[in-house]
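Worksheet for the structure shown next.
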Amino acid sequence: AVPHNALGQELTSDTDQRRQVFMVAKMFQALGMICAAALPVVMGKFLTSACQLPAECQTAQDEEHCMTLQLQCDDQENRQSMTLTGAAFGSYAVLAGIACVTVIVEKATARQQEERPLLEETSPEEHSSLDDVLPGFIRMLKNQPFRAMIVPWILDQTIVAMLSALLPFYVQYVISPEDICAASEPPVPETSLQCSSRTLLGIGLVFLLLTAIASMPVWQRIAREFGDYHTWLAFNFLNAATNILFIFGHSSMLMVILTIIFAMLNGLPIGASFLTDNILGLVIDYDELRTGVRSEASFTMFASFIPKLVSVPASAFPLTILALIGFKDPEEGQIQEQRTAVKWGVSVMFSVIPTLLALSSFALKATMFPFKDLQKADAEIKAGLVLCSLGEPYRDPLDGAFRQQKHSSSSGIEKRAENLLEHFSGLEIVERMQSAGTSFLVRRCVGQLCLFSSLTCVLALLTGLTMSLGFLNNNKLSWMPSLLVLFTGIAILASIVAALRLRAARILDSARLSREFWESACMRRRELEQEELPAEALERINAYTEEARSILWQRSVLSQSTFGSVRSIVVGSRAQG
């Protein structure tokens, strides 16, 4: 998913076009999810003829023997339908992957053409691709708009994980179509389509995703009229407003119909999920302006990593709560009647808690995200990129300060050392290296690596121990191995970071760096803003930025790419000046 999402971010620099690209991608993603939800149900209906009950069971389904045969048929049907669905999706994935590799050609940058393979041995003076892994991640976390997106991102993904984990429980135990059919007069046969929780679940998902697809062009139009930021907030608030409707769930035929309607209403905010990808594209553009390096893969990797990080605790937490309040597991394939407290627990965790998380995400986005006018910020970022390409100072759209990207004139080991220093944040550590050398840094990194490696081993042993003791099969204790797996992964990541820092410290320790290099490194750490500019330089920057902004606001009449148009305007203005 990382290369696919990163490629989407580099297809165009125009925010309107990028929004359309991600909208179309989300449409196809929703269609794939519809197929995944509907195909097993459709397959199951075609496979029912492969398992027929004896004639005597057609009129005596309450007998234990017939019910056992029915369960065996259902299990056989489920296995066959899931096998065929997996084969269909697996074949499609292979063909689609081959098509992507064959047809899509990625733009190659000069930097990519010069880099060596990641693990190839290099001399101390030669740059290695491994040198950029950790500095790129650190630069990404220093991006203030991106940091403002992380916590709301975690909350949004927690909502998705909780709803995915609890949806079958809500349909099976709160709505319970089987109980509705059994209590009706006259009783509806259990084999009827309307008496299946799986059928209701599939229908609800299909209508939710169809509504999401239908609403995407509407969200696209709203974003063009009112801006991505305000539309982004609106879809988050609507998500909270529609999700709370599920609190009214109970077992009745009317509620079956209302559940499908509520699912459709919840599809409306899902249709606007592509706005997050478009806003991330703006954040990537701003990061390029800050650092001079475009890093789509780093940002999209983080975006893909968050759902995996959140899904484990977010899925285990509600199931553990259900076990603690008395949830009864099925016995010999038979669904057990649940207490009222369990049903209310499912309803609250399926509706109230996700609603509160959505409102929290809305509040954080409204207060923490710095770019309130994305159109203005986009124009200033594009103009700043062009000014940087011309060697001019630019105005930072975040704080309004005037800055200028400074390109190092160093070569050889000093040029590589500048990049290796990015493994360590702060001015104090560079000043200490200048005065006391780098041996202390090697010792510190060795200690950190030993600490995190030991912690990883302990957590891995505890994970294996809890799994071997059967904690995963105990609903009240299943959260322990789940969280231990999460913490083990984080410890492994910390160990990798410590190893990369140790590698950088050893290279710096073996290099013979001049006094002038350390003075220059300290000076760069102290310089947070561009020094005072002459009045005529400020006027020139303002003129370039305002003219570029006016051009960007008239995208509808541009026939060239955004960056190319802005560059031509700025170059023309510069020639006239």
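The values are calculated or read from the model by the stated rules, or taken from the named source; none is laboratory data. None of these values were measured; they are calculated from a predicted model. Cβ placement follows ideal geometry from the backbone for every residue including glycine, while neighbour counts extend to all protein chains displayed. For the accessible areas, the whole protein counts, side chains as well, though only heavy atoms, and no ligand, DNA or RNA atoms are used. Shrake-Rupley method; radii C 1.70, N 1.55, O 1.52, S 1.80 Å.
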Find all pairs meeting these conditions: Cβ atoms under 6 angstrom apart; at least six residues apart or on different chains; first residue within the range 348-364 and farther than 10 Å from M162 by Cβ and touching a residue at least 24 places away in the same chain (Cβ under 8 Å); second residue crowded, with 17+ Cβ neighbours inside 10 Å and of a type in the set (D, E). S361/D156
Quick check on my filter: what residues within the range 126-146 are more than 16 Å from D396 (Cβ to Cβ) and part of a helix (DSSP H, G or I)? S129, L130, D131, D132, V133, L134, P135, G136, F137, I138, M140, L141
Could you say whether any residue in the range 337-350 is modelled with pLDDT under 90, part of a loop (DSSP other than H, G, I, E, B), more than 28 Å from N266 (Cβ to Cβ) and in contact with a helix residue (DSSP H, G or I) (Cβ under 8 Å, 6 or more places away or on another chain)? no
Wholly within the range 379-496, which helices (runs of 4 or more DSSP H) include no fewer than the required count, namely at least 1 residues that are more than 30 Å from L508 (Cα to Cα)? 439-468
So which residues in the range 139-169 are among the β-branched types (V, I, T) and over 30 Å from L289 (Cα atoms), if there are any at all? T158, I159, V160
Anything in the range 314-336 that is part of a helix (DSSP H, G or I) and either open to solvent by 40 Å² or more (accessible area, probe 1.4 Å) or touching a Cys at 6+ places or on another chain (Cβ under 8 Å) (or both)? List them, or say none. F317, L319, I321, L324
Which residues, taken from the range 223-239, are in a helix (DSSP H, G or I), out of contact with any Pro (no Cβ under 8 Å at 6 or more places or on another chain) and either open to solvent by less than 60 Å² (accessible area, probe 1.4 Å) or within 16 Å of F362 (Cα to Cα) (or both)? A223, D228, Y229, H230, T231, W232, L233, A234, F237
Hey, could you check the range 253-310 for residues that are open to solvent by less than 30 Å² (accessible area, probe 1.4 Å) and not in a helix (DSSP H, G or I) and say which is farthest from L238 (Cα to Cα)? S295
Leading residue by the ranking (surrounded by the fewest Cβ atoms within 10 Å (Cβ to Cβ)) among those in the range 428-474 that are under 17 Å from G489 (Cβ atoms) and of a type in the set (S, T, N, Q): S454
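Might you let me know whether the range 498-519 holds any residue that is of a type in the set (V, I, T), closer than 18 Å to I429 by Cα and either assigned to a helix (DSSP H, G or I) or open to solvent by 60 Å² or more (accessible area, probe 1.4 Å) (or both)? Spell out how you get there, then give the answer.
Filtering the range 498-519 for residues of a type in the set (V, I, T) gives 507.
Filter once more, keeping what is closer than 18 Å to I429 by Cα: 507.
Those left that are additionally either assigned to a helix (DSSP H, G or I) or open to solvent by 60 Å² or more (accessible area, probe 1.4 Å) (or both): 507.
Yes.
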For the range 182-202, state whether one or more residues are surrounded by 18 or more Cβ atoms within 10 Å (Cβ to Cβ) and acidic (D, E). no
Contact list please: Cβ distance under 9 Å, first residue in the range 134-156 and on the phi > 0 side of the Ramachandran plot and modelled with pLDDT under 85, second residue surrounded by fewer than 18 Cβ atoms within 10 Å (Cβ to Cβ) and not in a helix (DSSP H, G or I), pairs at least six apart or on different chains. none
